[in-house]
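K.L.:
To start, I am sharing the structure in question, which I have written as C-alpha cells.
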Amino acid sequence: MSWINDIGGMHGFGPVPVHAPSRASEPWSARMWAINQILIDRGLYNFDHYRHAIERMDPADYLASTSDVRRLVAVETLQRERRSAAVEPTSPRAPAAAGGMPARFAPGSPVAVRTDVPATHSRTPRYVRGRRGVVQALRGRSVCPEERVQEIAEAAAQQIYSVRFEAAELWGAQGLARCPVLLDLWEGWLEPIS
Amino acid sequence: MDDDQTATLADAQDPATRTGRIEQTLRESGLLQDDDIARRTGGAPTAEKFIEGRRVVARAWVDAAFRRRLLADAGSAIAELGLTVEAGHQPGLELHAVENTDSVHNLIVCTLCSCYPRALLGAPPAWYSSEAYRAKAVRDPLGVLEDFGLQLGEDVSIQVWDSTAETRYLVVPQRPDGTQGWSEDELSELITPDALIGTAVVSAPVST
C-alpha cells in the first residue's frame, strides 16, 4: 500500500510538540549531510533513492529515529546497495519548450486520484488515493518519482498539478468545510471525472 | 534493482562511529576525496538563513508591487533579493507564496517527510518534522492551531498545503496592526518561522 513514512491523517501521535527544542547539529550529522549531497552529485544515487531508503527502514526503527539518524541509515543502505552503480545526473525539470504531451487538465477540472499501489517510492499519499478533487493550478513538469527511483531511461516528464480536496471527501463526517487540503500530484495519478 | 540491504538501527555502534566507517569505505572506493566534506558542510541549512529569508515577507509588506510579483512568481521575486529556494542536490525545486487574508489562513506541511524551503529559510523548527504534526495537519488543522494557542475567527478557512512534489510553500502572513511607518528591518524582526508555516500570526509588541 505505502511505506511507514506515509502518515498523513493518522491518529496516535498526540499533540504537536510545539516547544520541542531544535537540537544543535552534532559533527557526525553535519558530515553525513555533506556526504549525502556529495554522493548524489557524484551519481551513486539520486534524491529519490535517498528518500526511499528512509521509507524502506524497518517501521519501528523509522519511528524511533531522529531525522539525522534516518539520513545516516539511508546513506549506509545506499552505499551498500549501490557500490558501483552510477546514476545519470538528471535534470528532472523538463523545460516546457522541450515538448512532451500537453497538459491533460486545466484549472477547474474535476479529477479522481488513481487507487494504484506502487511497490516503489511514490509521492502520492495514501490518504488521497481514490479521492476526488479539483485542479487549482498547473505547477511544473518533471519525470514522476516512481520512474525516477527506477531509473527508467525513456521516462517522459509529466505535468504536475495543484489539486484541492474538500475535507469531507478525505475524512468523511469529521471533515470540516473550512479546512480543504491541497496537494501537488503528477498527471499519471489523475483521471478525469465526467 | 539491487537487492534490499536496508540498514537497521540494530547495526551496532553509535552514529559517530558509523559515520566514520561509511566515510572510510567511501574514501577507499574513491567516491569521497580529501576536502570534499569541508567544502560542503558550510552549505547546511542554518539559523542565519532564516534571518535573510524572512526579508522577503517584510519587503512584501512595504512594497505592494513586490508583493504582487511574489504571489505571481515567487522564485523570480526572491531572486530580486539575491535569494533562492533551489538546492544543489535536489534539482527542480520551485517556490509558491500563499497569502493570509481576513478570510483565508494557510498552513504548510509535508506529510511524507519534512520538505521545507530550506535553502531560503534554513532548517525548519523541530516540531515541523515531528510525526505528530505531519499526521495531524491535514486531518485536523484547527486542532494543530489549538496546540499552538492560535484561534482564528469561525469564518476563516484554513487551506492546508501538503508539499508532495517539487514546490515549496511560503506563507505571507498579514502585516500586524500598529506597524505603520516601520522599516523593513524592524518589520523583519517580528517574523518567526512559525508564522511562515502558518502555526502563528505576526503581532507587534504593544508599546508602553
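K.L.:
Which one, B:87, B:163, B:138, is farthest towards the positive end of the dipole of the range B:55-208 when Lys and Arg carry +1 and Asp and Glu -1 on their Cβ?
P.N.:
B:87
K.L.:
Which residue fluctuates the most in chain A, going by a Gaussian network model with Cα springs under 10 Å, if the choices are A:108, A:172, A:12?
P.N.:
A:12
K.L.:
Once R0 is set to 45 Å, what does the formula 1/(1 + (r/R0)^6) return for the Cβ-Cβ distance between residue B:155 and residue A:119, expressed as a FRET efficiency to the nearest 0.05?
P.N.:
Computed FRET efficiency for residue B:155 and residue A:119 comes out at 0.50.
K.L.:
Could you calculate the contour length gain from residue A:176 to residue A:66, that is, 0.36 nm times the residue separation minus the distance between their Cα atoms, to one decimal place in nm?
P.N.:
Using 0.36 nm per residue and subtracting the Cα-Cα distance, I get 36.4 nm.
K.L.:
If you don't mind, another one. Give the Rg/Rh ratio for chain B, taking Rg as the radius of gyration of the Cα atoms and Rh as the Kirkwood radius, to two decimals.
P.N.:
1.04
K.L.:
Using a 10 Å cut-off on Cβ to Cβ distances, tally the other chain neighbours for every residue of A:71-79 and report the average as a whole number.
P.N.:
6
K.L.:
A further question on this structure: Averaged over A:21-28, how many beta carbons belonging to a partner chain fall within 10 Å of each residue's beta carbon?
P.N.:
4
K.L.:
Highest mean first, what order results for B:27-39, B:164-176 on Cβ atoms within 10 Å?
P.N.:
B:164-176, B:27-39
K.L.:
While we're looking at this one, here's another question. Just name one of A:179, A:134, A:22: the one whose Cα is farthest towards the positive end of the charge dipole of chain A (beta-carbon charges, Lys/Arg +1, Asp/Glu -1).
P.N.:
Ranked along the dipole, the leading option is A:179.
K.L.:
Using alpha carbon centroids, what distance separates the range B:35-90 and the range A:1-70, in Å?
P.N.:
About 24 Å separates the Cα centre of the range B:35-90 from the one of the range A:1-70.
K.L.:
Under the definition of partner shielding as Cβ atoms of other protein chains within 10 Å of a residue Cβ, what is the mean value for peptide B:107-117?
P.N.:
Taking all residues of B:107-117 together, the mean is 4.
K.L.:
Under a GNM of chain A (C-alpha, springs under 10 Å), which listed residue has the highest mean-square fluctuation: A:27, A:107, A:15?
P.N.:
A:15
K.L.:
Using the 4.7 Å Cβ rule, please list in number order the cysteines from chain B without any candidate partner.
P.N.:
B:113
Coordinate-derived values only; no laboratory data. If you're wondering where the values come from, they're calculated on a predicted model, not measured in any experiment. Backbone-built Cβ (ideal geometry, glycine too); neighbour counts: all protein chains shown.
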